[in-house]
Amino acid sequence: MNRRLFLANMIFTSFAASACQAKPQKEIDAPFKLSDAEWKARLTPLQYNILRHEGTEAPFTSKLLDEHGKGIFACVGCDNPLFTSNTKFDSGTGWPSFYDEIKGALGKKSDMLIGELRTAYYCANCGGHHGHVFPDGPEPTGLRYCSNGAVLKFIPQKV
């Protein structure tokens, strides 16, 4: 087990209980808006917890980890395209990872949900939480957008 995987699993295990009981996120000003009841009807419980309450999925559970086709990864809450498949890479962390976003697709904010300062990112269209960005990714950006695969949907490129 590599160090990044070990640390990711330790962090997840340590904070899984609190993440499952996460408080509603502060409302982000985004153009696509739904009521809480509409979000609950639209999303699975896991998707709702991640997008609307800044929760997380367990590592190595996303079916998108093994998605290697050409296409777009979009927000499951509003269909906003967030990442292209050519920016996806295997970070070894257990979550789908990308080294760049589609321009204008994401907003960012600082959070301290696990007791350390991190940069969270969210869908710029619906304000839904997707994950965190770290400065340990590959070139050309050096960034790693660590994404909850449960709140992404893959749209294959039409040939």
* To do: Would you point out which residue out of F32, F12, F6 is of a type in the set (F, W, Y), at pLDDT below 95 and in contact with a helix residue (DSSP H, G or I) (Cβ under 9 Å, 6 or more places away or on another chain)?
  => F12
* **Breaking point among (1) under 18 Å from A30 (Cβ atoms); (2) crowded, with 19+ Cβ neighbours inside 10 Å, for F98** => (1)
* Test: K103 is surrounded by fewer than 17 Cβ atoms within 10 Å (Cβ to Cβ) and at pLDDT 95 or above -> yes
* Name the pairs whose Cβ atoms lie under 8 Å apart, with the first residue in the stretch 66-87 and under 20 Å from G137 (Cα atoms) and in contact (Cβ under 8 Å) with a residue 24 or more places away in the chain, the second among the β-branched types (V, I, T) and not in a strand (DSSP E or B), and 6 or more positions between them or separate chains? -> I72/I102; L82/I102; F83/I102
* Structure fact -> Taking the stretch 41-58 and keeping only residues that are buried (at least 18 other Cβ atoms within 10 Å of the Cβ) and of a type outside the set (F, W, Y), one is left with L43, Q47, N49, I50, L51, R52, E54, G55, T56, E57
* From the options C78, C126, residue that is surrounded by fewer than 21 Cβ atoms within 10 Å (Cβ to Cβ), not in a strand (DSSP E or B) and not small (G, A, S) -> C78
* Structure fact -> Flagged pairs (Cβ under 8 angstrom, 6 or more apart or on separate chains; first in the stretch 38-52, more than 10 Å from G77 (Cβ to Cβ); second assigned to a loop (DSSP other than H, G, I, E, B) and modelled with pLDDT of 95 or more) are L46/E57
* Subset tally (residues that are within 11 Å of G137 (Cα to Cα), charged (D, E, K, R) and assigned to a loop (DSSP other than H, G, I, E, B)) for the stretch 88-109 -> 2
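The values are calculated or read from the model by the stated rules, or taken from the named source; none is laboratory data. Bear in mind that the values here come from a model prediction, so they are computed numbers and not experimental data. Please note: Cβ atoms are built from the backbone with ideal geometry, for glycine as well, and neighbour counts cover all protein chains shown.
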